[in-house]
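Read the structure below first, then the notes.
The values are calculated or read from the model by the stated rules, or taken from the named source; none is laboratory data. Here the structure is a predicted model, which means the values were calculated and not measured. Methodologically, a virtual Cβ is constructed for each residue, glycine included, from the backbone with ideal geometry; neighbour enumeration extends over all protein chains shown. Note: accessible area is taken over every heavy atom of the protein model, side chains too, but ligands, DNA and RNA are not part of it. Shrake-Rupley method; radii C 1.70, N 1.55, O 1.52, S 1.80 Å.
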Amino acid sequence: MDIPLVNFSSLVRSRLVDSSGDRLGRVDDLIVRLADEAYPPLTGVKARIGGREVFVPADRIAGLGPGRVQLLGEKVDLGRFERREGEVLLREDLLKRRMINVVGARLVRANDLVLGQVEGWWRLVGVDTRFRSFLRRQLPASVRKRAGVQPFLDWSSIEPFVGHVPTARLKMGFGRLAKLHPAQIADLVEAASHEEGEEIIGAVAADREFEADVFEELDPEHQVEFLGGRTDSQAAKILGAMEADDAADLIGELDQERREPVLKLLPWRTQRKVRTLLGYNPATAGGLMSPDFVWLSEGRTVADALEELRATDLPEESITTVFTVDEEGRLSGVISVVAMLRRTPATLLAEAKSPPPLVFETDDELSEIATRMADYDLMIAPVVDERGVLVGIVSVDDLLEMMIPDDWRRRLNAFANE
């Protein structure tokens, strides 16, 4: 970035001087306004002149440099500083605090901040996360102001926490976070403090489906933690947007006295599926399975099946295979999307289907499921009840999520956010 740059640490407690270079007072903080634009503009200086805390607007600033902030003219309006809506103070609100580096999907600490003169106006352009920046801040001002600007993270990749800022309606933005995968957001929430986690979830709540996806990726401990602060109605809205099997797992983690009130607030279709899943042991195929899959009777055609796949809003990983059933709803065969594409649209599914290579019963245990799916190299497999009726599917991703020890995930999160 070929523009004038200055470290914020070299400006804190530096001299505030007039156009002639005579000292007027001391710089306590700089103020920027957060907005949708990439680089927050400098709106003013919080200074101390003659023992009085004052605000100096940015249009009075002639220049910024290590150890000094120079003003236009020789007089300063001694109006008392008052924080305005949307403004943050660099030292008080951002410096030494954690932020989200969206590019790396990790939490970082702002050990210094970098300002740059972009198109004639000073803006916050970067964050220095290195520990050496922290050490440099401990040095005397005379030494700090001689230190040059070192490599830093571009502010366009940073999303700051602002929940602690006493400014009305200032909230973390969703725009940058929307670029991340829900699993990455979940990792950030798990690595953050409770207050930081609430702020992240509050930001993604702008998209109900995305919020539900994040909750699905959280570990059970954090799911319960962040659902605990919500009303039954709010909890039901989140659960209602989740996949039925994930919703059932989460409701099973809630306190007993809260389960039924939340269940009753779910949409009736979701409620029916969740109640069915809660009737199975979580460590069996019935407890692990998803009740959402694509099935058709044998008398339907390949064209019907493909149209069904186009219309469904189920996750892509669960619709790689269509299941066929007989008149009694019993599983009769499977056909992959690839196999259907090799058939003519008018081909009956009874002709195109193949025998399912692997079928689980609802009481089959996880160890058996994992071993047999690995042996058959399957991504999904059907689950039937005692009558052979198709009731769900198990997928590799849900199986892995269930079998990975909690301490492994916590350790990976710690490494990712160092």
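Is there a residue in segment 381-403 that is at pLDDT below 75, open to solvent by less than 20 Å² (accessible area, probe 1.4 Å) and not basic (K, R)?
No; the residues of segment 381-403 include none that is at pLDDT below 75, open to solvent by less than 20 Å² (accessible area, probe 1.4 Å) and not basic (K, R).
Against the definition (in contact (Cβ under 8 Å) with a residue 12 or more places away in the chain, under 23 Å from G202 (Cβ atoms) and open to solvent by less than 60 Å² (accessible area, probe 1.4 Å)), how does F293 come out, yes or no? Break it down into steps so the answer makes sense when it comes.
Working: in contact (Cβ under 8 Å) with a residue 12 or more places away in the chain: yes; under 23 Å from G202 (Cβ atoms): no; open to solvent by less than 60 Å² (accessible area, probe 1.4 Å): yes.
The answer is no for F293.
Given the residues D377, D398, D364, which is the only one that is under 17 Å from L331 (Cβ atoms) and of a type in the set (D, E, K, R)?
Going through D377, D398, D364 in turn, just one is under 17 Å from L331 (Cβ atoms) and of a type in the set (D, E, K, R): D364.
Out of segment 312-331, which residues are open to solvent by 50 Å² or more (accessible area, probe 1.4 Å) and in contact with a strand residue (DSSP E or B) (Cβ under 8 Å, 6 or more places away or on another chain)?
E317, T320, E327, E328, R330 - these are the residues of segment 312-331 that are open to solvent by 50 Å² or more (accessible area, probe 1.4 Å) and in contact with a strand residue (DSSP E or B) (Cβ under 8 Å, 6 or more places away or on another chain).
Going by the structure shown, is A303 in contact with a Pro (Cβ under 6 Å, 6 or more places away or on another chain) and part of a helix (DSSP H, G or I)?
yes
Restricting attention to segment 71-102, which residues are more than 17 Å from M172 (Cβ to Cβ), open to solvent by 40 Å² or more (accessible area, probe 1.4 Å) and either at pLDDT 90 or above or not in a strand (DSSP E or B) (or both)?
The answer is L72, E74, K75, D77, L78, E82, R83, R84, R91, E92, K96.
Of the numbered conditions (1) modelled with pLDDT under 95; (2) touching a helix residue (DSSP H, G or I) at 6+ places or on another chain (Cβ under 7 Å); (3) under 30 Å from I200 (Cβ atoms), L30 fails exactly one; give the number of that condition.
The failed condition is (1).
Can you find even one residue in segment 36-54 that is closer than 27 Å to F161 by Cα, open to solvent by 60 Å² or more (accessible area, probe 1.4 Å), charged (D, E, K, R) and within 29 Å of the chain's Cα centre (by Cα)?
Yes; the residues of segment 36-54 include at least one that is closer than 27 Å to F161 by Cα, open to solvent by 60 Å² or more (accessible area, probe 1.4 Å), charged (D, E, K, R) and within 29 Å of the chain's Cα centre (by Cα).
Output the number of the condition that Q271 fails; it satisfies all remaining conditions of (1) outside any helix (DSSP H, G or I); (2) in contact with a Lys or Arg (Cβ under 9 Å, 6 or more places away or on another chain); (3) without any contact (Cβ under 8 Å) to a residue 12 or more places away in the chain.
Only one criterion in (1) outside any helix (DSSP H, G or I); (2) in contact with a Lys or Arg (Cβ under 9 Å, 6 or more places away or on another chain); (3) without any contact (Cβ under 8 Å) to a residue 12 or more places away in the chain is unmet by Q271, namely (1).
For a quick check of your reading of the model, give me the residue pairs whose first member lies in segment 326-348 and is closer than 22 Å to R387 by Cβ and at pLDDT 95 or above, whose second is loosely packed, with under 14 Cβ neighbours inside 10 Å and of a type in the set (D, E), with beta-carbon atoms closer than 7 Å and at least 6 apart or on different chains.
Listed by first residue and then by second, the contacts come to nothing, as the list is empty.
Does segment 288-295 contain at least one residue that is farther than 17 Å from S354 by Cα, modelled with pLDDT under 95 and part of a helix (DSSP H, G or I)?
yes
Can you find even one residue in segment 283-296 that is farther than 20 Å from D398 by Cα and among the hydroxyl-bearing types (S, T, Y)?
no
Within segment 333-367, which residues are of a type outside the set (S, T, N, Q) and part of a loop (DSSP other than H, G, I, E, B)?
If the condition is that a residue be of a type outside the set (S, T, N, Q) and part of a loop (DSSP other than H, G, I, E, B), then R342, R343, P345, A346, K353, P355, P356, P357, L358, V359, D363, D364 are the ones that fit.
Can you tell me which residues in segment 1-30 are aliphatic (A, V, I, L, M), assigned to a loop (DSSP other than H, G, I, E, B) and open to solvent by 10 Å² or more (accessible area, probe 1.4 Å)?
Answer for segment 1-30, where residues must be aliphatic (A, V, I, L, M), assigned to a loop (DSSP other than H, G, I, E, B) and open to solvent by 10 Å² or more (accessible area, probe 1.4 Å): M1, I3, V12.
Pick out the one residue from E328, E316, E308 that is farther than 24 Å from D245 by Cβ and acidic (D, E).
E328
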